[in-house]
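The values are calculated or read from the model by the stated rules, or taken from the named source; none is laboratory data. Because the structure is predicted, anything quoted here is derived from the model rather than measured. All Cβ positions, even for glycine, are placed from backbone atoms using ideal geometry, and neighbour counts span all protein chains on display. We work out accessible area using only protein heavy atoms, side chains counted, and drop any ligands, DNA or RNA first. Shrake-Rupley method; radii C 1.70, N 1.55, O 1.52, S 1.80 Å.
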Amino acid sequence: MSDASTTKSGGFPNPLAWTGRGTLALFGEIGRLSIFSGRTALSALTPPWNLAQLWKQIIAIGFYSLPVVGLSAVFIGAALALNIYTGGNRFGAEQFVPNIVVLGITRELGATITGLMLAGRVTAGIAAEIGAMKVTEQIDALKTLSANPFRYLYAPRFLAAALTLPLLVLIADIIGVMGGWLVSVYALDFDSTTYIRNTVDFLTLDDVVVGLIKAVIFGMVIALMGCYQGSKSSAGATGVGRAATLSMVGAAVLVLAANYILSTFFVQIGI
Amino acid sequence: MTQPILELKGVEKSFGSNHVLRGVDIDVAPGRSLVVLGGSGSGKSVMLKNALGLMTPDAGKILFDGQDVTNNQGKTREAMRSRIGMLFQSGALFDSLTVWENVAFRLLNADKMKRSDAKEQAIETLKKVRLGASVADLRPAEISGGMQKRVALARAIITKPDLIFFDEPTTGLDPITADAINDLILEQVKALGAAAVTITHDMASARKVADEIAMLFEGKIIWRGPASEIDRSGNDHVDQFVHGRADGPIQPSL
Ligand SMILES: Nc1ncnc2c1ncn2[C@@H]1O[C@H](COP(=O)(O)OP(=O)(O)O)[C@@H](O)[C@H]1O
Ligand SMILES: [Mg+2]
């Protein structure tokens, strides 16, 4: 659309109008996303629950993500060990590899890597599925058949992601630490028993819990972004593709932003 | 005069600057079949979606069985929807469910019926649209377009509604399949004694199923009359539409 405010002199957009409109659009979007999130959370936390749908989503979101999460975690753990060894070497501090690996994985990387991988696999998948349902009138059909899409579609995905992400992160933690151990023992000549003892001694419940709480939040973000973008997808294959892309980028950025905010929070309260 | 089962009064709906409905007035008597004609993009689907509460009109009123349901979200609207069947333009079958689960969707979800009972009813209803029990366990993607339409019809009639909406029921079907669908619609609507609102641009279909015909043009109902008078409407727009001519008061939307 080209009205007077966008094209002033010589067809260049007026920066003020452009910024103003962008800001308004952003606030509108945040408002809509907040309302959508609120309604989804409310449907997820109050009965009646659709247990059949919930179980289906737990399998789809949790179980089928195991390979990608496991593979990502082992490589991140291995690379982390290698880099800490190289860095620590400069101060003669290479013996701290097991400590820093287990801390980095449990507090930070296990959750963020899982969150980012699922922003790709799960968020885009949800957005494409819901988007396809939207453009083929299946969401309208749900409503006419007295099924609320928030209860039938969005809440089960939200709950399934919030419940399974911590489990996936726990698995990522274990496999990530194992990745670090593998590299340390087989490439960096660490003694296996000492490495494991150092890891176990340094590991605290707090560090693990920090990662798991992050995981719950990431799970919510991942499901919400997929459902939200899918539900407002416009007609046609390009509309659905766009919804999938937008949801994935949005979820990835929000996972990283939430990670920073949560890290700050946990440091502030001293755990 | 009996009270209409559905009444639209001055319904308006815009999308941005696109003023689609500009004051639609129409009513349907119980047990009668109304066909609304209109070109592609004239707002026929938007009209149905407003009537169903899938969209909220910018202005005007929607009455169902005498009750104002325009802005009603809660129990009244659910009560209304449980008495309405809808056949979507695209069928809108749930592709993650089997054929019988689609047909029995309302029974399984809103009505919490036992699966075995629901399946029995679904198979009964599939029989009414001439589909055998063998398709019950297939997925919508595994059956033909004409069969999908029949499954969608079965889903719309299983709860014996008082009013059924048909959004272009024959679009995208070959003439023979289309005629078979028209026959089924006619037969099932009569069997239920339900009122029907069919929107279409298919004249053969309109002549077959209509008691009354109305025409939607530029956001308003510009003509309405008994189906038998469609050829003597005295309205240029209707004549052009009935005879499918490109030249006339209606500009083709290209
Ligand atoms: N959800 C929507 N958002 C924006 N525009 C819409 C929407 N639904 C329909 N329209 C517009 O309304 C007009 C009428 O559409 P529709 O009712 O689907 O036509 P038809 O008579 O072919 O069924 C079209 O111009 C369409 O682009
Ligand atoms: Mg339409």
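Some observations on this one:
- B:Asn182 meets each of the listed conditions (1) in contact (Cβ under 8 Å) with a residue 40 or more places away in the chain; (2) open to solvent by less than 10 Å² (accessible area, probe 1.4 Å) apart from (1).
Here is a yes/no grid of residues against (1) over 23 Å from A:Pro166 (Cα atoms); (2) out of contact with any Phe, Trp or Tyr (no Cβ under 8 Å at 6 or more places or on another chain); (3) open to solvent by less than 50 Å² (accessible area, probe 1.4 Å):
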site: A:Leu224; (1), (2), (3): no, no, yes
site: A:Ala235; (1), (2), (3): yes, yes, no
site: A:Ala243; (1), (2), (3): yes, yes, yes
site: A:Val255; (1), (2), (3): no, no, yes
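- Selection status of B:Ala206, more than 16 Å from ligand 2 (Cβ to nearest atom), at pLDDT below 95 and either more than 14 Å from chain A (Cβ to nearest Cβ) or outside any loop (DSSP other than H, G, I, E, B) (or both): no
- The residues of segment B:112-140 that are open to solvent by less than 90 Å² (accessible area, probe 1.4 Å) and in contact (Cβ under 8 Å) with a residue 40 or more places away in the chain, listed by number, are B:Lys128, B:Val129, B:Leu138, B:Pro140.
- Across segment B:31-44, the number of residues qualifying as within 19 Å of B:Met80 (Cα to Cα) and either free of Cβ contacts under 8 Å to residues at least 12 places away in the same chain or within 12 Å of ligand 1 (Cβ to nearest atom) (or both) comes to 0.
- The single condition from (1) within 16 Å of ligand 2 (Cβ to nearest atom); (2) farther than 30 Å from B:Leu131 by Cα that B:Ser90 fails is (2).
- Against the test of being within 24 Å of B:Arg115 (Cβ to Cβ) and at pLDDT below 95, the options B:Lys149, B:Lys128, B:Lys190 yield a single qualifying residue, B:Lys128.
- All conditions in (1) part of a loop (DSSP other than H, G, I, E, B); (2) more than 23 Å from A:Lys143 (Cβ to Cβ) hold for B:Asp27, with the sole exception of (1).
- Considering residues of segment B:44-103 that are aliphatic (A, V, I, L, M) and over 20 Å from the mean Cα position of the chain (by Cα) only, the residue nearest to B:Glu124 (Cα to Cα): B:Val99
- Residue count, segment B:20-66 (criterion: more than 14 Å from every other protein chain (Cβ to nearest Cβ), in contact with a helix residue (DSSP H, G or I) (Cβ under 8 Å, 6 or more places away or on another chain) and within 16 Å of ligand 2 (Cβ to nearest atom)): 8
- Screening the candidates B:Leu87, B:Leu97, B:Leu93 for the property of being within 16 Å of ligand 1 (Cβ to nearest atom), on the phi < 0 side of the Ramachandran plot and modelled with pLDDT of 90 or more yields one hit, B:Leu87.
- Filter result for B:His237 (surrounded by fewer than 18 Cβ atoms within 10 Å (Cβ to Cβ) and not acidic (Asp, Glu)): no
- Any chance A:Arg151 is open to solvent by less than 40 Å² (accessible area, probe 1.4 Å), in contact (Cβ under 8 Å) with a residue 24 or more places away in the chain, within 14 Å of another protein chain (Cβ to nearest Cβ) and part of a helix (DSSP H, G or I): no
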